[in-house]
1. Would you mind putting 29-41, 51-63, 11-23 in packing order, based on average other-beta-carbon counts within 10 Å, highest first?
2. Any chance you could run the full-extension gain for PHE20 through ASP35? It's 0.36 nm times the residue separation minus the Cα-Cα distance, nm to one decimal.
Amino acid sequence: MTSDSHRLSILTASEVDDLFGLPRFTEDDRRLYFDLSAAERETVNAHTPSVAAHLIVQLGYFKAGTVPEVSFCSQLLIWMSGSRLT
């Protein structure tokens, strides 16, 4: 924040990013949080690709204990999957 701001600054920019920024998953984290069980896969496959992408992203971030802005993540997931999530 700028020094002439009238807002109270309690957290540093780094702390704000740690709390509200997108998490930085390692490859192992991705496998752990976004690998679907048979029941999860069945649920995902019962939906359209865009709904399935949102579901996978929400489920993975829920497992990780954080839920960021989903629209960017789901768009990226759809792009990476070529709209096929099977």
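The numbers here are math on the coordinates, done by the rules we state, and not lab data. Since the structure is predicted, the reported quantities are computational estimates derived from the model, not experimental observations. Glycine also receives a Cβ, built like all others from the backbone with ideal geometry; neighbour counts cover every protein chain displayed.
1. 51-63, 29-41, 11-23
2. Difference between extended and current length: 3.0 nm.
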